[in-house]
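**Q** One structure is given below, represented as structure tokens, and several questions about it will come after.
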Amino acid sequence: MKGQSFFILGLIFALIIAVLAVINNDPVQFNYVFGSQKWPLILIILTTAVFGGVVAASLSFVKIVQLRGQVKQKNKRIAELEEEIKQHKPVEPVVEEEPIQPATRTERAQL
């Protein structure tokens, strides 16, 4: 369900960007480090949106790789602990109470 929510939100966001880009198609002065040029605003909006998506995906990929490493470490530790559990011998439970003796005939007759 969580994945569907993100997908729907992504579609809505893409639709908003597309509408803004189509509405704003006038040429504008774009200044960058090495100079400036007149570009259509639609191109600038779409380029920055794509660049933002690439940056977000890259950061997500880094986090996924880190989490996979943590999962691998945790699974290794679990395997070590399970092996340690297998090596231990089971301990018989200690019963400190006296076992209950069945009632004699006379005791049963008194009840």
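**Q** Condition (residue is aromatic (Phe, Trp, Tyr) and more than 37 Å from the chain's Cα centre (by Cα)) applied to segment 35-52: is it met by at least one residue?
**A** Initial filter on segment 35-52 (aromatic (Phe, Trp, Tyr)): 39, 51.
Applying the additional criterion that residues be more than 37 Å from the chain's Cα centre (by Cα) yields 39.
Yes, some residue in segment 35-52 is aromatic (Phe, Trp, Tyr) and more than 37 Å from the chain's Cα centre (by Cα).
**Q** If you take the residues in segment 83-111 that are of a type in the set (Asp, Glu), loosely packed, with under 10 Cβ neighbours inside 10 Å and outside any loop (DSSP other than H, G, I, E, B), which one is modelled with the highest pLDDT? Let's see the steps before the verdict.
**A** Narrowing segment 83-111 to residues of a type in the set (Asp, Glu): 83-84, 92, 96-98, 107.
Filter once more, so that each one left must be loosely packed, with under 10 Cβ neighbours inside 10 Å: 83-84, 92, 96-98.
Next, from what is left, pick out any that are outside any loop (DSSP other than H, G, I, E, B): 83-84.
Details: GLU83: 88, GLU84: 85.
For segment 83-111, the residue satisfying everything is GLU83.
**Q** Is it the case, given these coordinates, that ILE64 is in a helix (DSSP H, G or I), in contact with a Leu (Cβ under 7 Å, 6 or more places away or on another chain) and modelled with pLDDT of 80 or more?
**A** no
**Q** Any idea how many residues of segment 29-50 are surrounded by 12 or more Cβ atoms within 10 Å (Cβ to Cβ), farther than 22 Å from ALA14 by Cα and β-branched (Val, Ile, Thr)? Can you show your working first?
**A** Let us first name the residues in segment 29-50 that are surrounded by 12 or more Cβ atoms within 10 Å (Cβ to Cβ), namely 30, 39-47, 49.
With farther than 22 Å from ALA14 by Cα added as a condition, the list becomes 30.
Subset that is β-branched (Val, Ile, Thr): none.
Selection size over segment 29-50: 0.
**Q** Write out, first by first residue and then by second, each pair whose Cβ atoms fall under 7 Å of each other, whose residues are 6+ apart or on separate chains, and whose first residue, in segment 23-51, is among the small types (Gly, Ala, Ser) while the second is not in a strand (DSSP E or B).
**A** Every condition considered, the pairs that remain are ALA49/ILE17.
The values are calculated or read from the model by the stated rules, or taken from the named source; none is laboratory data. Keep in mind the model is a prediction, meaning the values are calculated, not measured. All Cβ positions, even for glycine, are placed from backbone atoms using ideal geometry, and neighbour counts span all protein chains on display.
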